[in-house]
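Below is one structure, written out as structure tokens; the observations come after it.
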Protein chains: 2
Amino acid sequence: MSATIYDVAREAGVSMATVSRVMNDTAVVKEETKKRVLDAIAKLSYRPNAVARGLASKRTKTIGVIVPDVSAAFMAELVRGIEDIANMYHYHIILCNSDGQLDRERDLVGTMWEKQVDGLLFMSPKLRQEHIDTFEEAQLPIVLCRTDDPEKRIPSVNINNKQAAIDVVDYLAAKGCKSIAFVGAKAGLKSLTDERRAGFLQATERNAITSQLIDVPSETYSGALKFLKDALQTSPVRAIVAANDELAIAAEHVAQDLKLRIPEDVMIVGFDNTKLTEMSRPPLTTVAQSMYDYGAVAMRFLTKLLSDEPISTYTVVLPHQILERESTAPKFVK
Amino acid sequence: MSATIYDVAREAGVSMATVSRVMNDTAVVKEETKKRVLDAIAKLSYRPNAVARGLASKRTKTIGVIVPDVSAAFMAELVRGIEDIANMYHYHIILCNSDGQLDRERDLVGTMWEKQVDGLLFMSPKLRQEHIDTFEEAQLPIVLCRTDDPEKRIPSVNINNKQAAIDVVDYLAAKGCKSIAFVGAKAGLKSLTDERRAGFLQATERNAITSQLIDVPSETYSGALKFLKDALQTSPVRAIVAANDELAIAAEHVAQDLKLRIPEDVMIVGFDNTKLTEMSRPPLTTVAQSMYDYGAVAMRFLTKLLSDEPISTYTVVLPHQILERESTAPKFVK
DNA sequence: AAACCTACTTGAGACGTTCCACCCATATTC
DNA sequence: GAATATGGGTGGAACGTCTCAAGTAGGTTT
């Protein structure tokens, strides 16, 4: 069996309390005593038991991270950002997948409470009142990440998706596009897409651009192909704004099948700057938002909450940026 | 403050022990008493404290998962597989990124011990003696995943990469290819690639096929483009086997730039069956190994270890399969 | 000389469970 | 009728740490 704090105390000829103080550096200990304790620790290769520590101190140095699905595009990058910062502040993360299902999400918040996590990082495709109630009940410090809370009830980190879509339309308008389509999941399913669509509609109207909405049943490559083909065949447009990169690539492929040249005949813009954008033909113009930073900022925010550091704003908005590639800008030919 | 088991006991007029037995269903309790307890639990909305439980029972229902980098291609899928199965057996996972660095890995194993995890799932690009020593010291049930231990000292889950590469060459040979190139990182950097290359070399020799090795500095799309171009321009081959899908797509693009038709002029095969394979043009033939299953099987293995279920073999080898797509098979045209 | 610091150190009660030893009826066996 | 099971329950030590009130020794002030 492994050594306990009590063993170390006996070995060093001091009390448990002193050992504890040496370990946690929580009060002054005479240099000589300290050395005796450290020697004893080394000799017994003592490591503190974090569970006992958690019980006694009521802080577990553990953060619950609830995501819809780690394996979804770039979610892993976000999680990596979270983990890195967590680590920096000596936290660990318990990762849970909810598939965006309300029951599961509520369940997980409860279980995380049972595990006595110090805080929660929460991601969900759509935030409802039930979520808020659950959070209320759990009484845990929570930061929302990439999850829109229109009423700003919970601390959150987001980007301004609506503005980003507006920027994209303005960008395309400046290139002379007079007719633009937006492709994404039907309204009401995903907050992200809804916001982007709203920006799209607002900006097309303001710029007097003919707009068209292409609804797809699921925001995946294969799920979108057919709907895109139908839409593009019946009413050709000058540009396509896709709710994410995967859809944008589907749009590229459909356009190419219809013998349209990109970007000469039709321009295509995606969202999220996933790895796909570089690997598509032509490379995809997209709205970049660093997923890593997303997670990192959210986690840093949470650590501030946990250590009562002063907070300037409870709804952090991250910057975005249009990354121009060849799907909207003709390639420079030597 | 939230209710404790003691509060519930008082409310129901029974002892703590009885409440515990109701919660854990660990012994018979009279129907009537049980009801009183359950009512009290509901009334006080009692939830057991997992930390206290962990201290008392010495089991935390938590698994440590150490990966080089969650955000690396498809690692997230693997983690998802782990999480799903963990969940099924009522475990949670603490996820840590090591970047494949030995010190960090050893550190993490130690911290996971402190956190009193019930077991460890470990992934690393290259296993060394120091790893084994660290595991030994930690005295934790450990399963290696996608991490080769040539001496089979630690329980592990893997696929037979060498055989997979042999299968690919045989497959191409059957299609009449007489000259095949292998593209991947230089020998000695990645165990995975080394194994695949070994299989490739063995099979090309056996089939009397002209083989060529294209070494790239990094196994990424952009990092490989130039080297592929140089290689394909100087010595045209009939087929390319890439160490992973990303490289295979780079190969596709380079071939297309050289006005080669795929698969008529050159066939291309990737490894891993990532999402990219479906989204490339033409869709990529690849060696499929479900990353999700990889994680799922490893986790299931660990649960068996943890509950002393009988184990048939300590080195699980997962099946692989060549998924034929249009990069090696001409499209059927209506 | 009494009172008061300061610098260290101790003792033991939490923290919220699990689980073992034990108790008390009532029923069953020899 | 004594011994033995069995169902249903109790009490409290143990798990390994933190933490706080309290203690000691030596010096300084009044």
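The values are calculated or read from the model by the stated rules, or taken from the named source; none is laboratory data. Treat the numbers as computed from the prediction; the structure is a model and nothing was measured. Here Cβ is always computed from backbone atoms with ideal geometry, including for glycine, and neighbour counts include all displayed protein chains. We work out accessible area using only protein heavy atoms, side chains counted, and drop any ligands, DNA or RNA first. Shrake-Rupley method; radii C 1.70, N 1.55, O 1.52, S 1.80 Å.
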Residue count, segment A:275-304, condition open to solvent by less than 40 Å² (accessible area, probe 1.4 Å) and within 25 Å of A:Ile85 (Cα to Cα), comes to 12
Of the residues in segment A:203-236, those that are open to solvent by 20 Å² or more (accessible area, probe 1.4 Å), away from chain B (no Cβ under 14 Å) and over 26 Å from the mean Cα position of the chain (by Cα) number 16
Taking segment B:4-27 and keeping only residues that are away from DNA strand C (no atom under 12 Å from the Cβ) and under 44 Å from the mean Cα position of the chain (by Cα), one is left with none
Selection from segment B:237-257 of residues open to solvent by 10 Å² or more (accessible area, probe 1.4 Å) and away from every other protein chain (no Cβ under 14 Å) yields B:Val237, B:Arg238
Counting only residues that are closer than 21 Å to B:Gly176 by Cα and within 32 Å of the chain's Cα centre (by Cα), segment B:244-265 contains a total of 6
| request: For B:Asp272, indicate whether it is open to solvent by less than 50 Å² (accessible area, probe 1.4 Å), under 21 Å from the mean Cα position of the chain (by Cα), more than 17 Å from B:Pro330 (Cα to Cα) and without any contact (Cβ under 8 Å) to a residue 60 or more places away in the chain. | output: no
The residue from B:Ala86, B:Ala42 that alone is more than 8 Å from every other protein chain (Cβ to nearest Cβ), away from DNA strand D (no atom under 16 Å from the Cβ) and open to solvent by less than 70 Å² (accessible area, probe 1.4 Å) is B:Ala86
Scanning segment B:28-38 residue by residue, those open to solvent by 80 Å² or more (accessible area, probe 1.4 Å) and under 44 Å from the mean Cα position of the chain (by Cα) turn out to be B:Val28, B:Leu38
By residue number, the members of segment B:45-59 that are surrounded by fewer than 22 Cβ atoms within 10 Å (Cβ to Cβ) and under 25 Å from B:Ala138 (Cα atoms) are B:Ala52, B:Arg53, B:Leu55, B:Ala56, B:Ser57, B:Lys58, B:Arg59
Among the residues of segment B:7-27, the number that are near DNA strand D (Cβ under 10 Å from one of its atoms), in contact with a helix residue (DSSP H, G or I) (Cβ under 6 Å, 6 or more places away or on another chain) and open to solvent by 40 Å² or more (accessible area, probe 1.4 Å) is 3
Among A:Glu151, A:Glu114, the single one that is over 14 Å from the mean Cα position of the chain (by Cα) and at the interface with chain B (Cβ under 10 Å from one of its Cβ atoms) is A:Glu114
Going through (1) in contact (Cβ under 8 Å) with a residue 12 or more places away in the chain; (2) among the hydroxyl-bearing types (Ser, Thr, Tyr); (3) within 9 Å of DNA strand C (Cβ to nearest atom) one by one, A:Tyr46 fails only at (3)
The correct count of residues that are surrounded by fewer than 20 Cβ atoms within 10 Å (Cβ to Cβ) and on the phi < 0 side of the Ramachandran plot in segment B:160-189 is 13
If we keep only residues of segment A:52-72 that are within 26 Å of B:Pro68 (Cα to Cα) and touching a Leu at 6+ places or on another chain (Cβ under 8 Å), then the residue farthest from DNA strand C (Cβ to nearest atom) is A:Val70
Considering only strands (runs of 3 or more DSSP E) wholly within segment A:85-155, the ones with at least 1 residues that are over 28 Å from B:Gln116 (Cβ atoms) are A:142-145
In the set B:Leu284, B:Leu302, B:Leu276, the lone residue that is in contact with a Lys or Arg (Cβ under 6 Å, 6 or more places away or on another chain) and hydrophobic (A, V, I, L, M, F, W, C) is B:Leu284
By residue number, the members of segment B:100-110 that are closer than 13 Å to B:Glu137 by Cα and surrounded by fewer than 20 Cβ atoms within 10 Å (Cβ to Cβ) are B:Arg106, B:Asp107, B:Gly110
Filtering segment A:181-229 for residues that are of a type in the set (Gly, Ala, Ser), under 17 Å from A:Ala251 (Cβ atoms) and not in a loop (DSSP other than H, G, I, E, B) leaves a count of 7
Filter pass, B:Ser156 being among the hydroxyl-bearing types (Ser, Thr, Tyr) and more than 18 Å from the chain's Cα centre (by Cα) = no
When every residue in segment A:60-70 that is of a type outside the set (Val, Ile, Thr) and open to solvent by 10 Å² or more (accessible area, probe 1.4 Å) is compared, the one farthest from the other protein chains (Cβ to nearest Cβ) is A:Pro68
Per the list (1) open to solvent by less than 40 Å² (accessible area, probe 1.4 Å); (2) not in a helix (DSSP H, G or I), residue check on B:Ala73 breaks on (1)
